[in-house]
Structure formats: C-alpha cells, structure tokens
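Heads up, the thing below is written out as structure tokens.
The values are calculated or read from the model by the stated rules, or taken from the named source; none is laboratory data. Given the structure is predicted, the values throughout are model-derived calculations rather than measurements. Note that each Cβ is placed from the backbone with ideal geometry, even for glycine, and that neighbours are counted across all protein chains shown.
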Amino acid sequence: GDFVMFYIQVVMKNATKLCSIKPIVTVNGKFPGPTIYAREDDTVLVKVVNHVKYNVSIHWHGVRQVRTGWADGPAYITQCPIQPGKVYQYNFTLTGQRGTLWWHAHILWLRATVHGALVILPKFGVPYPFPKPHKEQVILLSEWWKSDTEAIINEALKSGLAPNVSDAHTINGFSGPSQGCALQEGFTVKVQPGNTYLLRIINAALNDELFFKIAGHKFTVVEVDATYTKPFKTDTIVIAPGQTTNVLITANHAAGKYLVAASPFMDAPIAVDNSTAIATLYYLGTLDSTITTLTSLPPKNATTLATSFTDNLRSLNSKKYPARVPLKIDHNLLFTVSLGINSCPTCVNGNRVVADINNVTFVMPKISLLQAHFFNIKGVFTDDFPGNPPVVYNFTGTQPTNFETTKGTRVYRLAYNSTVQLVLQDTGMIAPENHPIHLHGFNFFVVGSGQGNFNSKNDTKRFNLVDPVERNTVGVPAGGWTAIRFRADNPGVWFMHCHLEIHTTWGLKMAFVVDNGKTQNESLLPPPSDIPKC
Ligand code: C2O
C-alpha cells in the first residue's frame, strides 16, 4: 500500500441550522467533516491539531488497528486526550479492509459535530464483487441540537434525568427544506437516468437508530461495516449509530424528484422524537417545477421490519472473501446490557439513570488503559470483569427491586488468538431499547439473535456458523439477545460500548485486554513518541 497523509485542524465554527446560530466544534471548519479516502493496505497518517478549549481524540470507527491500538482513539482507553494547543499523529494501516467506515471524536459528546466518512477503496485493479457503479455518494446521517451539546449532557448528568432529544436529523449536514427556515435547501443527490449508484450510508447520530428510504426506488444491500454481504433487495434500510451500509440503487425512472428520508426507529419511544430528515434524489434534466414524489416512513416501533432487515444480512462468504467464523470457543461469555436506576441524593428525583454491563457501571480511568497495560502501571484497572451476570434473574421480566449497579474500571483479559463467544442479553430494566454494541479492534460474526432470555441449549443449536454477517456494531434487540463470535488476534486494549452516546455516558461500556502472542508479529507495537500525556 501507499502512504496517505491528512491534516486535521479541530476548530470552532459558527453554524446556522433551524434558524439559529451556534458555535460548534468542527474538523477543518466543516460539518459534517471531510471524507477521508484511502485504499486497502494503505498506511494512513493523520495529524490532528487541537485549536479548541476541549480535550479531543479521534476514533477510526471499524478500522482493525492491528497492533496499532495507540491510533484507535477512545480517550482514556487507548490514549490520553489531545489537550488544547496540542498535536497528535494517528498512524495506522488498513490491513485487509475495504469499504465504508467513518471517523469521529471519542470524548464527551464532541462526536455530535466532529465526524466524517472514511472510504477505503479496494486495492488498485481489484473490482467490487458487484457490478461497478457509475458513481458513488456518501450519505452521512446525523443529529442536530439547537443548543450546545456539551451543556446538554452536563446538565443531564447533574440532574440525573435523560438529556433532551435532538431538534433535527440531518443528511450530509442538511436538515431538509421543510424544516426550520423556509429558505433552507436540502441535500440533493443528482442522478442520470439508467445509471447505477453506490450509496455509502453512515449513521453518525448520537442516540437514534434510523430508517432510511428513497421514494420509488429499491436498494440492493452489498456491504455493511466494511464487509461484503450477499446482495439483497429492500426498500427500507435500518441502521444503528456506528453502523455503515452500502447499497446500490438504479435510476430506473426517466425523470423526476424523489424524496430521500431518514427517521428514528425505537421499540419503545420514551421521548417523543418525530423529526425526519429529508433530501432529494434528482434526475438530471427534470424541470424545477416538478413535484417531489413522496414516500411514507415506517412508524417508530416497526420492530418486525427492523428485525427482518437484520435477519437478511449474510456474509458474502465467497472464495475471495470467506467468512472465517471461529468454530471452537475458548471463552464463553454472557453479558447483560442494562439501563437502571441508582440512588443519587443530589439529583432531581433522588436517583439517576445508570447503565451497565453485567452490573458493572464502567468508570473511566485517569490515564489510558493501554498505557497502564503496556507500561504495567498498577492501580488503573482490574482484570476481573465478570464473564457472566453476577446476579441471575429473569432478564426480560420484571426487574429486582432496589437493584444498584457496582462501579469499577474492570476489564476482561483474553489470551492472544483465543476465541470468544459473547452473548449480549438485553434486560428490560426501565424501558426496552435496542443497544447497538460496538467492539473496537475487531470485526465479529453475528451468529444468532432472538427474543427473550438466551437459552444456551436450544439457541446455540440454531447458530449460523456458515455465513453470518460480519460487522463491528450490532443491535441487541430490546427484550432479546444477540450472539457474536470473534478471534482475539489483535493485542491491545479494546473498548466495547453501546453506540447510543447517552448509554455510553451512563456507563454501558467495558474493555477487553488482549495479551501479546509469542512472536513480535503478534505483539502490540510501542507507543508513538508523540502519544499525548494526561
Ligand atoms: Cu464509533 Cu467507541 O466508537
């Protein structure tokens, strides 16, 4: 591969949306941030200069970071943050990966405005395993608040209450012509009749899973999370924060304008969030006066539709792109993912919402876990994260009363190259909600999923070990479970968390430590000399 260099300046910028102006943290003054293009096997060098008053770090979501955990980005997990006025250069190789990924700030709630696409093209001369599109288009779905997002989350943490829901969703930074100021234009995708387009769809929203639709057109899904899938047709995409989905669409009308729309998917909406982001698919040559063809989006609780979408996803599993599902398992883990209530005398209602995995509400350390691991610094974390729920109850039934979580910076340790089966079990603690769980440093195979409590005897028999979809972020269904498998072939410290930002903030996160293997090639590289200090 080649070396590709990027220069990122984190700067404040005034942005106007929904008729109001506010200063936001941006990369190079842009919202959303610039698309970074590279090729499979390229080595990427990104120099980040922090010009804002906040600590910053950037995560390359979905990049495997083989042996280069120092470039992964989550603050206090793999690095100390880049302090105001400081610089850090991320240095990593895109080993054996191609497809759509993205990058985002990985500290506080800065990723609300600090994010962009990372497009990894196949190696020169290597075709896609699907017909070559005439053109490609990145579609970044985000959320927008009229007020300052850092203030919103700080307020919520103080009060113990849930933060305000966003004021709008956006498509490539545009909230759509019908929302807010009358004169605001929406984003337009221009197409030529008869041509085929590859849309690289990314859900960069903080807290909302989304439906995505284009009036009068069907999608062929060909890739998720930068892994190829068996193509299948659908008219609606379901995409969780953190996930990416590549689809082909054919402009099979002669002319016209067609609505492009995204709206939230929630099993049990607590908050009322009806905002729909809209854009336009515009056939070149169409008269401006033409009326846009509309489409209706699924209702917020269209769970059956969402489930059938995810059930249709399969690895391509071709000769060239085989699905290497671990068949022998060394670590058989069951993690409950929960939202709950802990007492909090200073909070508005005397309690606060917390989130946990196996009853552990993760406490962020003061220096990065990776530094503590590499330099053997004691007292930063303990490696006793429970591999099974410490308290067993009917996970999808009624919650035990006065159920307090424990706090800790606890990690789960894995030997190099050991294999893991991890069942993620949702609990219906306060409200059933899907949890898009993201694992850093790995792709995993989604071998099974179901409703209710996981039953190891019956459910294991039905696992798909042949062509399960391979991804880095998977939705754990509300009131149900999802089983994943991966091989711990990447030494380092790897964060795993819910990609609904509010759930991460509340503590729905943990980390795996993967020890070095025997040889140098199986060991974590030493930290770069400019690694930030805490
Ligand atoms: Cu995209 Cu740890 O996140």
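Within the range 487-525, if we keep just the residues that are assigned to a loop (DSSP other than H, G, I, E, B), more than 17 Å from Lys407 (Cα to Cα) and under 16 Å from the mean Cα position of the chain (by Cα), the residue that is modelled with the highest pLDDT turns out to be His499. The strands (runs of 3 or more DSSP E) located wholly in the range 219-335 that include 1 or more residues which are away from the ligand (no atom under 16 Å from the Cβ), of a type in the set (Lys, Arg) and outside the structural domain of Arg64 (by TED's automatic domain parsing) occupy 227-234, 257-265. Scanning the range 9-23 for residues that are crowded, with 22+ Cβ neighbours inside 10 Å and at pLDDT 95 or above yields a single hit, Val10. With the structure loaded, tell me whether Thr170 is part of a strand (DSSP E or B), among the hydroxyl-bearing types (Ser, Thr, Tyr), buried (at least 21 other Cβ atoms within 10 Å of the Cβ) and touching a Phe, Trp or Tyr at 6+ places or on another chain (Cβ under 7 Å) or whether it fails that test. Judged against the criteria, Thr170 is a match. Kindly indicate the residue of the range 57-101 that is among the aliphatic types (A, V, I, L, M) and within 11 Å of the ligand (Cβ to nearest atom) and also farthest from Phe381 (Cα to Cα) among those meeting that condition. Ranking the qualifying residues of the range 57-101, first place goes to Leu101. Counting only strands (runs of 3 or more DSSP E) that fall entirely inside the range 419-486 and contain at least 3 residues that are within 16 Å of the ligand (Cβ to nearest atom), the qualifying elements are 435-439, 473-476. Considering each residue of the range 348-356 in turn, none proves to be modelled with pLDDT of 95 or more, crowded, with 16+ Cβ neighbours inside 10 Å and not charged (D, E, K, R).
The residue that is nearest to Ile152 (Cα to Cα), counting only those in the range 487-512 that are within 16 Å of the ligand (Cβ to nearest atom) and in contact with an Asp or Glu (Cβ under 7 Å, 6 or more places away or on another chain), is Gly507.
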